[in-house]
Amino acid sequence: MICSTFPLAVLSACAPETNSRYGDAHWDPQLTWETAQVIDQPELRIVYHDTDPADDNEVWEGYVSIDFSDLAQRDEGGENTALLSYSVGTNEPLAIPNSMLQNSAGAEWSKFYYDTTTNTDWRLRLTEPENYTFYLDLAVRQPNGTLRLYNFEWNDVILPGSLTRDTFWQNRVNSSIVENCISCHDENGSDAYSAFDLDYNSNDIRVLRTDFINEVGEADDGQNLPDWPFNSAHTGVGNANQITGGARRDFTTFVQAVSDANDPNTNFTITTVEPPSMMENDPYNN
């Protein structure tokens, strides 16, 4: 509105396309095309190998390829950037684990690929069925000297197969319980622990899982899971209502499966990750 009161010559100087305000505190050079270098998200690709080719028993592995070595050389973000990370379910992003690495590849690498010149496979190998998300954060210097932040994400990486009780807990339920329930229901917590006694040991999630499973069928009348935590009569309803969306669906699915199981202490199958609509076979492993 200020520009509209000035002559046309001043109007042109106010336009965001010009660089006449270079250095002005209110002008963001990263929003101006002439001074911002746009970097495309690198390609992350997954192909599949059936380890049991029998028609009635498909057991899939996934091999993930990505090359961001050119960007890693330009990264100025410090220790925590230019490193690939991943997450499953409701878990926070984690560093690439040894179980995914092949042929002495390192988690700090920026190029995971199949080297046809030496027949060496440095792709990431996925063996646990789940919906995976991969992340890559970078800070790249722009032509005008500023740092531009890039937060790349690939959230459609699927390895189909069955999710057992223990895997489902680890990937989709454990973090919700730790973040929202343990503060009151740990045996060393507030008075609420007596109503739902969970012995939490952060070094072994099996302790919490076992206690939680034991409590599922033993709650008092009117306080049965999965509905009770989200009831207004629950003094911890505020914490419970932090479990939303997919996390709440996973919580309910886990509790219902444990309640319906003939033997909840066995590692039975809870659900199945369905195959993606298109599955490209691994050209190096057929």
* Could you please let me know if ASP250 is over 25 Å from the mean Cα position of the chain (by Cα), outside any strand (DSSP E or B) and acidic (Asp, Glu)? => no
* Could you list, in sequence order, all residues of region 201-242 that are open to solvent by 30 Å² or more (accessible area, probe 1.4 Å) and modelled with pLDDT under 85? => ASN201, SER202, ASN203, GLY217, GLU218, ASP220, ASP221, GLY222, GLN223, ASN224
* Structure fact -> A careful count of residues in region 135-153 that are in contact with a Pro (Cβ under 9 Å, 6 or more places away or on another chain) and hydrophobic (A, V, I, L, M, F, W, C) gives 2
* **Condition met for ASP137 (over 19 Å from the mean Cα position of the chain (by Cα), outside any loop (DSSP other than H, G, I, E, B) and among the acidic types (Asp, Glu))** => no
* Number of the condition not met by ILE46 [criteria: (1) part of a loop (DSSP other than H, G, I, E, B); (2) within 20 Å of LYS111 (Cβ to Cβ)] -> (1)
* Residue check, PHE268 in contact with a helix residue (DSSP H, G or I) (Cβ under 7 Å, 6 or more places away or on another chain) and in contact (Cβ under 8 Å) with a residue 40 or more places away in the chain -> yes
* Asked: Inside region 113-130, can you point out the residues that are in contact with a helix residue (DSSP H, G or I) (Cβ under 9 Å, 6 or more places away or on another chain) and either open to solvent by 40 Å² or more (accessible area, probe 1.4 Å) or under 17 Å from LEU71 (Cβ atoms) (or both)?
  -> ARG125, THR127, GLU128
* To do: Identify, by number, the condition in (1) more than 26 Å from GLY246 (Cα to Cα); (2) touching a residue at least 24 places away in the same chain (Cβ under 8 Å); (3) of a type in the set (S, T, N, Q); (4) open to solvent by less than 40 Å² (accessible area, probe 1.4 Å) that THR133 doesn't meet.
  => (1)
* Residue check, ASP282 closer than 24 Å to ASN91 by Cβ and open to solvent by less than 70 Å² (accessible area, probe 1.4 Å) -> no
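Yes/no matrix, rows are residues, columns are (1) in contact with a strand residue (DSSP E or B) (Cβ under 7 Å, 6 or more places away or on another chain); (2) of a type in the set (D, E, K, R):
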residue	(1), (2)
GLN142	yes, no
TYR150	yes, no
TRP154	yes, no
GLY161	yes, no
ARG165	yes, yes
GLN170	no, no
GLU179	no, yes
ALA192	no, no
* Structure fact -> Among residues of region 138-179 being open to solvent by 60 Å² or more (accessible area, probe 1.4 Å) and of a type in the set (Asp, Glu), the residue farthest from ASP67 (Cα to Cα) is GLU179
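The values are calculated or read from the model by the stated rules, or taken from the named source; none is laboratory data. Because the structure is a prediction, the values reported are computed rather than measured. Reconstructed Cβ throughout: ideal geometry from the backbone, glycine too, with neighbour counts over all protein chains shown. Side chains are part of the model used for accessible areas, which takes the heavy atoms of the whole protein and leaves out ligands, DNA and RNA. Shrake-Rupley method; radii C 1.70, N 1.55, O 1.52, S 1.80 Å.
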